[in-house]
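The values are calculated or read from the model by the stated rules, or taken from the named source; none is laboratory data. Keep in mind that this is a model prediction, so the values were computed, not measured. Positions of Cβ are generated from backbone atoms using ideal geometry, with glycine treated the same way; all protein chains shown enter the neighbour counts. In case anyone asks, the SASA skips ligands and DNA or RNA and just uses the protein heavy atoms, side chains included. Shrake-Rupley method; radii C 1.70, N 1.55, O 1.52, S 1.80 Å.
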Amino acid sequence: MKQVIDLFPLPLGVIECPLNIKEIVDFFNKSEMSSEQGNIYGLLSEDTYILDNPVCKPLADWILTSMQNYAEEILGWDENFKLSQTWLTYKLPGQRHEVHTHPNSMLAGVFYYEVYDDYPAITFHNPIVSFGRPTFQAKPKDPNNGKYLKDTLSFTPNPNTLIIFPSNIPHSVPVNNTKQVRKALGINTLPLKTIGNKKSLNELDYSRFI
């Protein structure tokens with residue numbers, strides 16, 4: 001094959017945090033968690049705007065800058081973003097997180113502030129086949145080889161790593177088979193004040209609905 005062109009690739013941004021966040025992690029670890037979601041979602045922090053706390057401001061500013069840069073440099077979007085909901089997510093031993101997307105958000109992120117050996121990965125699901133099978137499915141020559149055969153791709157982060165992706169990409173977390181708590185920070189973002197363009201007839205001006 002002389003040339004292969006990847007059509008419409010889905011970009012996963014991966015950025016390591018340069019900040020000293022010990023004080024912020026101590027605050028995270030003292031935060032109250034809710035178990036209402038059960039084994040299929042794990043535990044969530046009672047505070048679902050946790051980065052609004054003043055102690056988190058250095059991390060919040062760095063995350064917002066990183067997501068703004070991703071939007072501009074990778075996706076080519078001309079929007080001013082703002083963090084919307086931010087929350088802690090725990091997976092106790094035996095817990096998992098079912099396949100989901102992040103509605104009412106444009107960019108999603110996960111910040112991994114405590115990573116250990118055998119830390120459960122995050123798994124991304126091909127949106128073309130996530131909620132149904134292809135019309136035709138051929139027998140693979142080697143099911144473990146070839147990126148075009150995969151319906152899922154897993155990513156295991158390093159400590160203090162932020163990942164960024166469009167909010168409509170389905171993703172999940174497998175069962176935590178370790179004896180430790182899998183901790184992470186979930187992030188949703190939206191453009192500030194408006195989305196889209198007035199002349200293109202796709203403008204959403206939030207102020208018109210307040």
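Note on the stretch 1-16: residues that are open to solvent by 70 Å² or more (accessible area, probe 1.4 Å), among the β-branched types (V, I, T) and modelled with pLDDT of 95 or more total 1. Per the listing E79, E72, the residue uniquely acidic (D, E) and within 18 Å of the chain's Cα centre (by Cα) is E72. A Cβ distance below 6 Å, combined with a sequence gap of six or more or placement on separate chains, defines the contacts here; from the stretch 1-19, residues that are under 29 Å from N160 (Cα atoms) reach residues that are among the small types (G, A, S) in the pairs I15/S66. Where in the stretch 17-119 are there strands (runs of 3 or more DSSP E), lying fully within it, with 2 or more residues that are open to solvent by 20 Å² or more (accessible area, probe 1.4 Å)? The strands (runs of 3 or more DSSP E) meeting that bar are 43-45, 81-91, 97-100. Of all residues in the stretch 149-162, those being in contact with a strand residue (DSSP E or B) (Cβ under 9 Å, 6 or more places away or on another chain), open to solvent by 50 Å² or more (accessible area, probe 1.4 Å) and either modelled with pLDDT under 85 or hydroxyl-bearing (S, T, Y) (or both) number 4. N53 - would you say it is polar (S, T, N, Q), more than 24 Å from P174 (Cβ to Cβ), at pLDDT 95 or above and more than 18 Å from the chain's Cα centre (by Cα)? Taking the combined requirement at face value, the residue satisfies it. Contact map, the stretch 70-84: first residue farther than 18 Å from Y206 by Cα, second residue of a type in the set (D, E, K, R) and crowded, with 19+ Cβ neighbours inside 10 Å, Cβ cut-off under 9 Å, separation 6 or more or different chains; pairs are A71/E79; E72/E79. Any chance the stretch 132-148 includes a residue that's open to solvent by 60 Å² or more (accessible area, probe 1.4 Å) and under 20 Å from the mean Cα position of the chain (by Cα)? No, there is no match, as no residue in the stretch 132-148 is open to solvent by 60 Å² or more (accessible area, probe 1.4 Å) and under 20 Å from the mean Cα position of the chain (by Cα).
You will find that of N168, N177, the residue that is in a loop (DSSP other than H, G, I, E, B), under 24 Å from G76 (Cα atoms) and in contact (Cβ under 8 Å) with a residue 60 or more places away in the chain is N168 and no other. Any idea which residue in the stretch 163-210 is least open to solvent (accessible area, probe 1.4 Å), counting only those that are among the basic types (K, R) and within 23 Å of G109 (Cβ to Cβ)? Here the answer is R182.
Of the candidates L153, L201, L190, the single residue that is outside any loop (DSSP other than H, G, I, E, B) and either in contact with a Pro (Cβ under 6 Å, 6 or more places away or on another chain) or free of Cβ contacts under 8 Å to residues at least 40 places away in the same chain (or both) is L153.
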